[in-house]
1. Before anything else, pin down the relative contact order of the chain: Cα pairs under 8 Å, at least 6 apart, normalised by residue count, whole percent.
2. Fewest first, what order do THR118, THR188 take by the number of other Cβ atoms within 10 Å?
3. Report, in deg cm²/dmol and to the nearest 500, the calculated mean residue ellipticity at 222 nm for the chain, where each DSSP H run with n ≥ 4 adds -39500 (n - 2.57) and the sum is divided by the residue count.
4. Local charge sum around SER31 (other residues, Cβ-Cβ under 12 Å, Lys/Arg +1, Asp/Glu -1)?
5. First measure r as the distance between the Cβ atoms of ASP202 and ALA279, then evaluate 1/(1 + (r/R0)^6) with R0 = 56 Å and state the FRET efficiency to the nearest 0.05.
6. If the label point is 7 Å along Cα→Cβ of GLU122, which residues in the stretch 224-240 have backbone nitrogen under 17 Å from it?
7. Please compute the length gained on full extension between ALA30 and ASP362, using 0.36 nm multiplied by the number of residues separating them and subtracting their Cα-Cα distance.
8. Need the full-extension length gain, GLU38 to LYS103, defined as separation in residues times 0.36 nm minus the C-alpha distance. One decimal, nm.
Amino acid sequence: MEQLVVRLGASSQEPIHWLVWSSQQNEIIASGELPSAEHLATLADRAGGRPICALVPTSDILLKWVTLPAKAGRKAIAAIPFMLEEDISGDIYEQFFALGPKKGDKQAVAIMQKTTITAWLELIQEAGLNCDQMLPDILALPRANKEAWSILELGEQLLIRQDDWAGLQGEVTWLKQALNHQARRNETPLQVSDYSGVDLADIDNLEVTSQPLDLPMKVLASGAKNSTFNLLQGEFKVNNKKSGSWRKWRVAAVLAIIALSTTLIDKSLEQQRVSKELASLKEQTDKAYKSAFPNSGAYRDLRRTMTRQMQSLEQGGGGTSMLVMLNQLESAFGESKVKPQTLRFDKKRTEIRLQVIAANIDALDKFKRQAEAQGFEVEQGAINQKGSQVVGTLSVRS
């Protein structure tokens, strides 16, 4: 069976690598590189109407293991987004969580922005292609040695698979520095399986095993064929196509039903729509209230409860209001371009705890200086690199 495998870029302007190969004969039919996503439609003829396998950049995906309670059921699985809330920058309701393999009480989870996976699918659909499997590119990298890291160079990108559910993907120069840093930290040589002849001569404390050289996309296509994981699940799951016999009589059956019961259906649908909208609005209100006031209990009258909570915020911390503090910090946020992602207020300590995202560490330092110039005490916590930006925690006291 022939299959088209494409590796999408992190943006529509990045090159797209592709390969058509026969999995049965292990033979390459055709391969190449497109300058950008605008040319993706040129592969429609090669796909021949068959679904494709899309490999996507791991740099846009967070791969995590979650420890579940013993005999975890559906409720525990549904609670995974809330269990990972502290590890995620941004609103969990804007993230998509795809479940991977489960080992004992450990559940593998892939997390990404819903807008990101939606954009990938739109690129594929606009090109006239169908996709039945979407896989983070590092998970398509084989593991000849379970104790070794697997590495593969693809264009100007380097893919590193560290274990069954972890890896790195990015520019070759940057990831070689990360590889060098890890090798220096190891007491014993870091084992590496090299699938594309990467130049690693300048990195010490490595034990490199060269694998048979082949086209990088063939290596990834073979690995993708052996992978059972698929990002397309839940709300992004691919619907199975109906059989031809069903399509032949479905239209006539639907038209007959509509002709007999149009009025009744319209009224029923309208009632259901209104009921769903009311239920959705109530659910959104509950989520917004619990997100803003996580330690508060149930409420009866939302208007009175919100008024009481806002008054509490204005009077908390010995007369210093969280709202006043945020107002005073407005210029610090504006000049440093630091953006808050999550916020918690400790009334007793008159302290705001923030998780923020910034262009770089200098921006965080600029925010700290600006806030301290206004009389605040600022403590910086952990700082992590996320793509071209940094994510950090700050504690600001009046």
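1. 10
2. Fewest-to-most Cβ neighbours within 10 Å comes out as THR188, THR118.
3. -11000 deg cm²/dmol
4. That sum, taken over residues with Cβ under 12 Å, equals 0.
5. The calculated FRET efficiency here is 0.35.
6. 236
7. In short, 114.8 nm is gained.
8. Gain in length upon complete extension: 19.3 nm.
Taken together, the values in this text are just the output of simple stated rules run on the coordinates, not laboratory data. Not measured: the values here are computed from a predicted model. Cβ coordinates were reconstructed from backbone atoms using ideal geometry, including for glycine residues, and neighbour counts include every protein chain displayed.
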